[in-house]
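One structure is given below, encoded as structure tokens.
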Amino acid sequence: MPRTRLWLLTAALAVSGCAGPFPQSTLQPRSDFARATDALFTDIFWWAALVFVIVETLLVVALVRFRHREGRPVPKPMHGHTLMEIAWTLAPAVILVFVAVPTVRTIFATAGDAPADALKVDVIGHQWWWEYRYPELGVVTANEAHVPVGKPVQVTITSADVIHAFWAPRLGGKRDAIPGRENRIAFRADSVGDYSGQCGEFCGASHANMRLLVRVDADSAFERWVAAQRAGPAAPAAGSLAEQGKAVYSRSACLGCHTIQGVSPGVIGPNLTHVGSRSTIAGGIFPNDSAHLAQWIADAPALKPGSIMTRMKPPLTDADIAALVAYLQSLQ
Amino acid sequence: MSEPRGLKSWLTTTDHKRIGLLYFWTAFGFFLVGGLEALVIRLQLAQPNGHVVSAETYNQLFTMHGTTMVFLALMPLAASFFNYIVPLQIGARDVAFPRLNAFSYWVFLLGGLLLNASWFTGPLFHAGTLNVAPNGGWFGYANLTERQFSPGPNIDFWLLGLQVLGISSLAAGFNFIVTILNLRAPGMKMMRLPTFTWMTLVTQFIIITAFPVITVALVFLMFDRFFGTHFYLQQAGGTPLLWQHLFWLFGHPEVYILILPAMGIVSDVLPTFSRKPLFGYPVVVYSGILIGFMGWGVWSHHMFAVGLGPIADSVFAATTMLIAVPTGVKIFNWIATLWGGDIRGTTALHFAVGFIAMFIIGGLSGVSHASPPADLQQTDTYYVVAHIHYVLFGGTIMGLFAGMYYWWPKMTGRLLSEPLGKWHFWLQLVGMNLAFFPMHFIGLLGMPRRIYTYSPDLGVTDLNLISTIGAFLVGVAILVFLYNVLRTRRRGERASNDPWGGATLEWSIPSPPPVYNFSVIPTVTNRLPRWSTDRHGPIQDPPATPPAPIHVPGGSWWPMVAALGLPLMALAPLTHTLWIVFVGAAVLLFGIYRWAFEPFEV
Amino acid sequence: MTHAAATHHTSMGLDSRKMAFWAFIGSECLLFGSLISTYLVYKGRSVVGPYPHDILNIPFTSVSTFDLLMSSLMMVLALAAVQRGDMKWGKIWLFATALLGLVFLGGQVIEFTEFVHKGLTISTNLFGCTFFVLTGTHGAHVAVGVLWLLTLGTRALQGKLGPANAMTVEITGLYWHFVDVVWIVIFTVVYLIQ
Amino acid sequence: MPEAGHTGEHVHPTAEVYLRVAAVLVILTVLEVGVFYVPVFHPVLVPALLVLSAAKFTLVVMFYMHLKADSRFFSFLFGAPLLLAVAVMIALLFLFFGALTLRGTAGAG
């Protein structure tokens, strides 16, 4: 961790008594973009620390040295001093130049344009989940994005409803997802791993439940993932519970909102063609296991306030839900 | 000539001192409400996956906490000092338009009540819950606040309440501009005005220019919500970003509306307790004016994440950093005022110094927001929450408490207890730092703001618990203050005209002042009229009894009646009942007509 | 308006009500500035018609503009008459100003009705939104002005308005002329620069 | 109503001046509409119209609102916010129409 500021973390840990890890720490950058903003923040931090120490010291010294004592004569009225005024106008101005120059340099360096051969990912914010489209690869998925390590990635961000902000702190600063407008960020992840993030702009009832994961894969793993995502949905084995689940899916309201390639064309909710391959559900707030899936299907708004995935009418039977869960889990 | 008594005398009062007290108690009440909201928020966040309140209630709580603190607590607390102190500092008998002043107060009170009524009126809207309080954030970003995404009455309460409150601020703005410019005592040149009065004047100019902008933004939102227009809808070719531009065009100057009065208070308190004139008075005044102007050129730094492009980002980064210069200049002048003084550690001085010490932290974290790339990581995280609270709590509220301890004897005739005051100060200082300093880390470690729940995986659980403990410590500090106030009412030491040895005119008259303020209007010959300087001795205080009878105008019902018309008009869109708007307009017009043709003289 | 302290000595030697009113007009600059800015930034962004050139009636609005200009002339003549104590002409000019204001409002009613008939409502497109809210806000200001002028006229008829109240008339005039200059800008920016 | 005596801060122009100003205003309005209809002026339509309306604006403010003869302070109370409004308008136009944004066909929208 060459640029990790151990002092800062140590301070945080000392007060918190907590050892981390900090999966969304902006202080542990893992991409060129995040490193650039982090380096700039470090610069600014030290300037701020310097000013802080000087000014607070002056303040404390003044308070101690000139505190009231019996018999102290009435102070000489001192109305001002032109040279001093000029000095302490110029001093902050000079410091600000030292902040402004690297700021502008970093603004242009992180303006969001990746090389033409970069992997293109379109991010679309929804209340309250993320849709990812890889236009050149023909892949559509939700909440979990995969990118290859060491390759430039061009992310284009927009929204389907209200304003959100796409934010995976260790890979890059947030950009708003604004309806009717495209924002771009570009980054090159430098180590393999899972990087969590979440929506940064208040977007309604479940803003807190709009989390995301970016998985940085080694090249081969990324290739495998793309190949798997491009394949059609797995066909459930004849006579299996999953096959019954597919039947339930096809006769219930699910298909109005969700896409499963070749089965249903809905576009309101996340694409479920490979839902079984994802590690979380419901905007990244629950692990993708049978228990949570079953609860989610039965009563989504109870798990996620404001969710537009309403309770099914008439309600599905427990058997139907179990079958549905088996079907969704089979969609690897 | 004796003080009128009874409820009627308060309802019809046009005396700036009584209106100042009304402002104070109303605003302090709202301050407590906003504080309670904050404590519930902190309770919810004390643990990950908290279940104290629901997501919906949490969103209402943080929206109302922000809205209440900005519009119902800090601005009107400052207004209570504008009302009470400014006429005394300039040697006037009242403000320029006493009935307009009463109107401002009643509009403020009714607007605040309208906004807070949303906590209890859910059943009237068949909402299924008791509380239908605003839930779109104090910044109310479109298009989340459009009818499509916020169908309930929540946002309606917010936009109508703010619209009403804006009228109060605007009316007070015109009033105080004229008061300060036109009602100064003979010899009180502009560069002899006390610094608090100067900063008040700058604040009023910002108010009358910034509030029309949010008025327009709110009108657009209102038309979108009620009449099917598309001001913030991209489907029709518009953009929700228009809201952000208009809101922050108002919103950033609003920050200076909140901080400049506190800077003025500090600039008056420090000289009194260091027995030394304010260092660099003209520089402090001009930097205040400069801040007022420059505050208009920085609004887009709230919008770096929307992607305005590198050139716009660079321009707004530069203008924002520039504003740090006049702010820094003020801080250095305050320290230079203390330097070489004979500093008496009164509670008021404690708070004034606390203001400087805490405001620096808020200012310095502000510099990292001024830098767009750094801001991209920090915006909408707890780092910003830390920043805003160091500025508005560490800054404005510390400054306002300095003013309370400083002017309390003038306003009530009794001195607050100093030992209790110091307990209050230290509890509040420690509490606020426990509450807000960890938020810097919480934000940098990746916790966004405005979330009702967070995952234990983030690693910020303990930091959040510390913050919650700090918030409750602040609550205890405020309780100590309230106890001090109650105790002082009955047992407080009686205040002389001038318990502190102040330099400005308010200390030359009894505490509390008689209804006519000055028995004889003083003639001022220098900036520190009550101190002796190289060239001048202190001026004589006005005699205890006026040499000739002073005519004092009676009260008036009509400002209150006129003010009632505004929330009535707001009820029409809230309830979707057109005819109410005509009733409200009729009440407003009737009030204004009776007021305009009523015999009244100052 | 309130009018305390109008007769007293003031620090700047300026009438307090007039000063407050100029501050109000300054504030109104930002109100109309925001409205006009919005009109301009949304210009040409409507996704459906009717568009400005389809619908704006320049000859008709030119007459309205002329009408409002003339009302400003009536207003200054009213002020001059009241100042020199000629209440007979003072009344005539005051009512003439109000009448021209009413004519302008009538014109706006006709214009709005015609636009609605041609398919442009406040919710049709961005042009409709920004046009109606901007000109409607201006129209509301004219309406308040007419009410104010009629109040003064009535006071004059009752004999309660005389040269002593010249300042009241002058302030009314400031309001009226400001509403006029706002229209000068709107006429150019909205109607002529399409 | 109390005495609202004239404080004598300025001398109002005579009716004759008012009439002359009105005549100029009418002429300028005719010119504006003329410029709009005569094709020759189309290349300079916007600047011409802006100049003409600024002239009308100034005339009304200077003579009918008496700023020319009245206290300079009133000019400040009106002029400073007016400048602010114009500056805000220009800044917003830049932000929305992309002159300040390197990227973006859409500017701020």
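Observations, loosely collected:
- Between chain B and chain D, roughly 1600 Å² of accessible surface gets buried, counting both sides and using a 1.4 Å probe.
- Drop in accessible area of at least 10 Å² in the complex versus isolated chain, residues of the range A:170-200, 1.4 Å probe: A:Gly173, A:Lys174, A:Arg175, A:Asp176, A:Ile178, A:Pro179, A:Gly180, A:Arg181, A:Asn183, A:Arg184, A:Gln198, A:Gly200
- Kyte-Doolittle mean at least 1.0, axial Cα span of 27 Å or more - DSSP H helices of chain A: A:32-65, A:82-109
- Number of partner chain Cβ atoms within 10 Å, mean per residue of A:62-70: 6
- Selection among B:Trp408, B:Ala471, C:His53 by position relative to the dipole of the protein assembly as shown gives B:Trp408 as farthest towards the positive end (Cβ unit charges, Cα centre).
- Computed over chain C, relative contact order equals 30 percent, with contacts defined as Cα pairs under 8 Å that lie 6+ residues apart.
- Fraction of antiparallel bridges per DSSP, the protein assembly as shown only, in percent to nearest 5: 70 percent
- In this assembly, the C-D interface accounts for approximately 4600 Å² of buried accessible surface in total, computed with a 1.4 Å probe and without ligands, DNA or RNA.
- Where only C-alpha atoms are counted, convex hull volume of the range A:241-330 per residue in Å³: 86 Å³
- Expressed as a whole percent, the proportion of Cα-Cα pairs in the range A:6-109 lying more than 21 Å apart is 61%.
- Note on chain C: with a GNM built from Cα contacts shorter than 10 Å, the maximum mean-square fluctuation among C:Asp54, C:Asp15, C:Asp86 falls on C:Asp54.
- Degrees separating the helix B:55-67 axis from the principal Cα axis of chain B, which is the longest one: 30 degrees
- A straight Cα-to-Cα reach below 15 Å connects D:Lys56 with the aspartates and glutamates C:Asp67, C:Asp180, D:Glu32, residues fewer than 8 places away in its own chain not being considered.
- Leading residue at positive end of dipole, the protein assembly as shown (Cβ point charges), from B:Ala348, B:Pro134, C:Leu94: B:Ala348
- The trypsin sites (Lys or Arg not before Pro) of the range C:1-85 that DSSP puts in a loop, and whose beta carbon has at most 16 other beta carbons within 10 Å, are C:Arg84.
- Chain B, relative contact order [Cα under 8 Å, separation at least 6], %: 17 percent
- Averaged per residue, the protein assembly as shown has 35 square angstrom of accessible surface, using a 1.4 angstrom probe with ligands and nucleic acids left out.
- Total lysine pairs whose alpha carbons fall under 27 Å of each other in chain A (8 or more apart, or interchain): 7
- Helix-only arithmetic for chain B: the sum of -39500 (n - 2.57) across DSSP H runs with n ≥ 4, divided by the residue total, places the mean residue ellipticity at 222 nm at -21500 deg cm²/dmol.
- Couplings for the range C:89-101, taken from phi via the Karplus curve 6.51 cos²θ - 1.76 cosθ + 1.60 with θ = phi - 60°, read 6, x, 4, 4, 5, 4, 5, 5, 4, 4, 4, 5, x Hz in order; Gly and Pro are left as x.
- Mean separation of Cα contacts under 8 Å (6+ apart) over length of the range A:241-330, as relative contact order %: 37 percent
- Minimum 50 Å² accessible area buried by the other protein chains, the range B:367-396 residues, probe 1.4 Å, relative to alone: B:Pro373, B:Leu376, B:Gln377, B:Asp380
- Peptide B:86-96 has a mean shielding of 2, counted as Cβ atoms of other protein chains within 10 Å of each residue's Cβ.
- Where trypsin sites (Lys or Arg not before Pro) fall in DSSP loop in the range B:509-553, at most 12 other Cβ within 10 Å: B:Arg535
- Counting only Cβ charges, +1 for Lys and Arg and -1 for Asp and Glu, the dipole size of the protein assembly as shown around its Cα centre is about 2360 debye.
- Along chain B, longest interval not containing exposed chymotrypsin sites (Phe, Trp or Tyr not before Pro), exposed being DSSP loop plus at most 14 other Cβ atoms within 10 Å: B:121-596
- Hull shadow area, averaged, chain A [alpha-carbon convex hull, nm²]: 24.7 nm²
- Straight Cα distances below 17 angstrom link C:Lys43 to none of the lysines, with same-chain residues fewer than 8 positions distant left out.
- Carbon and sulfur %, accessible surface of the protein assembly as shown computed with the full protein complex present, 1.4 Å: 69 percent
- Relative to the compact-globule estimate of 2.2 N^0.38 Å, the Cα radius of gyration of the protein assembly as shown comes out at 0.97.
- Reduction of at least 40 Å² in accessible surface, 1.4 Å probe, comparing all protein chains with the chain by itself, residues of the range A:127-164: A:Val162, A:Ile163
- A/B buried area, accessible surface, summed, 1.4 Å probe, Å²: 7300 Å²
The values are calculated or read from the model by the stated rules, or taken from the named source; none is laboratory data. Quick caveat, the model's predicted, so the values are computed rather than measured. Every residue, glycine among them, receives a Cβ derived from its backbone with ideal geometry; neighbour counts consider all protein chains shown. To get the accessible areas, we keep the full protein, side chains included, count just its heavy atoms, and leave off ligands, DNA and RNA. Shrake-Rupley method; radii C 1.70, N 1.55, O 1.52, S 1.80 Å.
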